[in-house]
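The values are calculated or read from the model by the stated rules, or taken from the named source; none is laboratory data. Treat the numbers as computed from the prediction; the structure is a model and nothing was measured. Here the Cβ positions follow ideal geometry from the backbone for every residue, glycine too, while neighbour counts run over all protein chains shown. Heads up: the accessible areas ignore ligands, DNA and RNA and are worked out on the full protein's heavy atoms, side chains in. Shrake-Rupley method; radii C 1.70, N 1.55, O 1.52, S 1.80 Å.
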Amino acid sequence: MSSKPIHVVIWLPANFYSAVAATLVEMFELVNMIRRAEIFSFEFVSRQAAASSSSGIIFQTLAAPSRPMDILILLAVPGLNVGELLGSLDDESRHAEPILAMAKHDDAIIAAHCSASYFLAQGGHIDGKRATISWWLKGEAARRFPQVRWDPSRLLIREGKIYTCGGGFSGLELAKALVKDMGFEKEERIVRKLLVLPPSRRLQTPYEFRLEDVAVPERMSFRERLEMVASANMAAFNLAFLADQLALSPRTLSRRFAQELQTSPGQWIQDRRLEAAKELLESTQLAISEICYRVGYQDVASFSRLFSRTTGLPPGEYRRQSQ
């Protein structure tokens, strides 16, 4: 066997599960420890230099793999609201496609975790092949990609050099299968014992339930979530911050604004900042410059011009007439 390590690239979308990303790495690292050699090397790749998971944990990433890939693992975009999730997956697909093309060029193994099977289907990489996906997406996957031979009852499916797996921590089954298939069955058994992992599972059907039976429909409305984020940190409030806090891509965020609020994110942010400025002018004696900075503007003159154009009064006159 070559002394060159098996290079694993883990691709992180704009939103992902930190626990899955970390556990994959820990399992590969344990094989290295057991063998006392660098059997696996790994790196995270993302379009963001510091990729933030859904829990806020930051992963340092590269913009592209530093060397040819032996294994590419595409992590899932999390979410139980199928409509929102599909919008995010459509947006992420165009970012996943370049690294998929690189993996094909490198003749690498390609592994899709959970909803990431959507990227393979969208790009035509699993046409005519058997594949699985997170169980709550099985209906949409079958409807949108009928050319794929979907078998969503399975937790893990391997078709040649392509692996797909089901929801959530099926990523453990994926890592175990990759380690074994690369010729490290003995090490895989030791890793399972060290991490006290459950026996290998074949099906995800026992984990299915009606999503309507959980509290997903009772979440705050989109407008309520926006207001909560805005009130928490108005000074840092911009499109990137908003997308990050709501765990939505900028494209999906813009679509939600248009569909539900009939406005753009930029206009909504401006309106919300000006409303906050009016409240502070009416209820406090803060200097206008301080109010400007508190609501997220950096230039007092520009803020004053915008305020006058919108309300018909400069900030100082607005305060005099409203107090």
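Each peptide among 105-114, 293-302 gets the average number of other Cβ atoms lying within 10 Å of its residues, and from highest to lowest they stand as 105-114, 293-302.
Please name whichever of Gly160, Ser221, Val300 sits farthest to the positive end of the charge dipole of the chain, dipole taken about the Cα centre and charges placed at Cβ: Lys and Arg +1, Asp and Glu -1. So the residue we want is Gly160.
Rounded to the nearest 10 square angstrom, Glu38 shows an accessible area of 110 square angstrom against a 1.4 Å probe. Convex hull volume per residue, computed on the Cα atoms of the chain, equals 165 Å³. Net charge dipole, the chain: roughly 500 debye, given to the nearest 20, about the Cα centre with Cβ charges of +1 for Lys and Arg and -1 for Asp and Glu.
Per-residue extension of 0.36 nm, minus the Cα-Cα distance of Ser302 and Asp151, leaves a gain of 48.6 nm for this segment.
Taking a probe of 1.4 Å, how large is the accessible area per residue of segment 238-323, in Å²? Can you show the working numbers first?
Working: 4620 Å² over 86 residues.
I get 54 Å² per residue for segment 238-323.
Amide H to amide H distances under 5 Å link Ile6 with Phe40, Ser41, where only residues 5 or more positions off or on other chains count and H is placed in the peptide plane. Database remark: amide H of Ala112 closer than 5 angstrom to the amide H of Leu74, Tyr163, Thr164, Cys165 (H placed geometrically; neighbours at sequence offset of 5 or more, or on other chains; Pro and chain starts carry no H).
Over 17 Å apart: what share of the alpha carbon pairs of segment 47-195 falls there, rounded to a whole percent? Summing the P(r) of segment 47-195 above 17 Å gives 63 percent of all pairs. Couplings 3J(HN,Hα) of segment 43-55, computed from phi: 7, 9, 10, 7, 6, 10, 5, 10, 7, 9, 7, 5, 8 Hz, in residue order, whole Hz [Karplus 6.51 cos²θ - 1.76 cosθ + 1.60, θ = phi - 60°; x for Gly and Pro]. For segment 1-124, the solvent-accessible area with a 1.4 angstrom probe is 39 square angstrom per residue.
May I have the count of lysine pairs in the chain with C-alpha atoms under 21 Å apart, counting pairs 8 or more residues apart or located on different chains? For the chain, qualifying lysine pairs total 14. Of Ile34, Ile99, the order by accessible heavy-atom surface (1.4 Å probe, DNA, RNA and ligands excluded), from most exposed downward, is Ile34, Ile99. Within the chain, DSSP assigns beta bridges of which about 30% are antiparallel (rounded to the nearest 5). Around the Cα centre of segment 104-199, unit charges on the Cβ atoms of Lys, Arg, Asp and Glu (plus for the first two, minus for the last two) sum to a dipole of about 240 debye.
Tell me the relative contact order for the chain as a rounded percent, counting alpha carbon contacts under 8 Å between residues six or more apart.
Reported relative contact order: 13 percent.
Rounded to whole numbers, the Karplus 3J(HN,Hα) couplings from phi for segment 159-175 are 10, x, 9, 10, 10, 10, 9, x, x, x, 8, 5, x, 5, 5, 4, 4 Hz, using 6.51 cos²θ - 1.76 cosθ + 1.60 with θ = phi - 60°, and x at Gly and Pro. When all alpha carbon pairs of segment 1-134 are counted in 5 Å bins from zero, the resulting P(r) reads 2, 10, 20, 23, 21, 14, 7, 2, 1, 0 %. Applying 1/(1 + (r/R0)^6) with R0 = 35 Å to the Cβ-Cβ distance of Met33 and Glu290 gives a FRET efficiency near 0.05.
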